[in-house]
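*Asks:* One structure follows; several queries about it will come next.
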Amino acid sequence: MNQKLTVKDVMSKPVSIAKSALIPEALSKMLNEGIDPIVVTNDHVVVGTAARRTIAEKMGSKKTGNIPASQIRVASVTRDDFTSVYQDQDAELLVPLLQRYKIVIVWDDEHRLIGQVTKGDLLRHIIPEGPLDTMTEIAPRITPDDRLVQLHRRMANNGATRFIVMDGNKSVGIVTETDIAKVLVKLKSEIDKHFDNALRNVTAADIMSTPLITTQVNTPVSKVVDMMLAKNISTVPIADGEKVIGFITRKSLVNAL
């Protein structure tokens, strides 16, 4: 990384939401802005971040019962474990921070929020070297008939955030934490006392993205990064011939730096 590059050169405009805002508003803003997580504030003071995964976990939790999404506030999914830097610091500091956190908050000299750095922001300036297969994450397999409640449980208990949908030996789609969060918020918004029944009827086939578009394992890393940034996506399924072997994610790319 260029020694003269500072945080200010890498950062993007901050995207924030008040902790008193409602969950549907937060998810909508995250999807529209292509951001995950989102910075959470209280009276313009940063109090944490909220991620699509924590929204999905909250919406599918038994603790929320039949409470509609329109009554659940962002404060309930906010995590106060965040990291920050100042705009004039060396950008090299961002690498280890983004290997641990999804986002880095940027302050000015008076400790005011002026920016943020995501993994995507960092990858616009520095790209890892090496073969693609060394940066590939394992792809958990599911079937089209697997139910949303099962996927939610695996996400909450095992940390799984992306699944390849297999119909026999054929890869037919992908389900991500974003897909799970979207459908859970939708169900919580439209259904009151019948939420549990509706939830049990949703399968992977109902929410998966299809067809599955893959990239071959011998593709240069730079081309994969360019595609991610151009399409504003965080996951690219990687195949060796016709066999899907895993995912390349922004996280796996930053971890390879």
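The values are calculated or read from the model by the stated rules, or taken from the named source; none is laboratory data. Quick caveat, the model's predicted, so the values are computed rather than measured. Glycine also receives a Cβ, built like all others from the backbone with ideal geometry; neighbour counts cover every protein chain displayed.
*Asks:* With the structure loaded, tell me whether residue 122 is out of contact with any strand residue (DSSP E or B) (no Cβ under 6 Å at 6 or more places or on another chain), more than 23 Å from residue 40 (Cα to Cα) and among the aliphatic types (A, V, I, L, M) or whether it fails that test.
*Replies:* No.
*Asks:* Continuing with this model, one more query. Yes or no: region 222-229 includes at least one residue that is touching a residue at least 12 places away in the same chain (Cβ under 8 Å) and acidic (Asp, Glu). Write out each step before concluding.
*Replies:* Filtering region 222-229 down to residues touching a residue at least 12 places away in the same chain (Cβ under 8 Å) leaves 222, 224-225, 227-229.
Still in the running and acidic (Asp, Glu): none.
Scanning region 222-229, I find no residue that is touching a residue at least 12 places away in the same chain (Cβ under 8 Å) and acidic (Asp, Glu), so the answer is no.
*Asks:* Here are some conditions: (1) closer than 14 Å to residue 184 by Cα; (2) modelled with pLDDT of 95 or more; (3) among the hydroxyl-bearing types (Ser, Thr, Tyr). Residue 78 meets all but one. Which one does it not meet?
*Replies:* (1)
*Asks:* Working only within region 3-18, note down all residues that are surrounded by fewer than 21 Cβ atoms within 10 Å (Cβ to Cβ), part of a loop (DSSP other than H, G, I, E, B) and touching a residue at least 12 places away in the same chain (Cβ under 8 Å).
*Replies:* Result: 3, 5, 13, 14, 15.
*Asks:* Could you tell me how many of the residues in region 20-38 are surrounded by fewer than 21 Cβ atoms within 10 Å (Cβ to Cβ) and either on the phi > 0 side of the Ramachandran plot or not in a helix (DSSP H, G or I) (or both)?
*Replies:* The number of residues fulfilling the criteria is 4.
*Asks:* Please enumerate the residues belonging to region 47-94 that are basic (Lys, Arg), under 18 Å from the mean Cα position of the chain (by Cα) and over 24 Å from residue 117 (Cβ atoms).
*Replies:* 58
*Asks:* Within region 26-46, count every residue that is within 20 Å of the chain's Cα centre (by Cα) and among the acidic types (Asp, Glu).
*Replies:* 2
*Asks:* If we keep just the residues of region 77-129 that are among the hydroxyl-bearing types (Ser, Thr, Tyr) and part of a loop (DSSP other than H, G, I, E, B), which is surrounded by the most Cβ atoms within 10 Å (Cβ to Cβ)? Before the answer, list the steps.
*Replies:* Within region 77-129, the first condition is being among the hydroxyl-bearing types (Ser, Thr, Tyr), and the residues that meet it are 78, 83-84, 86, 101, 118.
Cutting the leftovers down to part of a loop (DSSP other than H, G, I, E, B) gives us 78, 101.
On the way: 78: 23, 101: 19.
Ranking the candidates gives 78 first.
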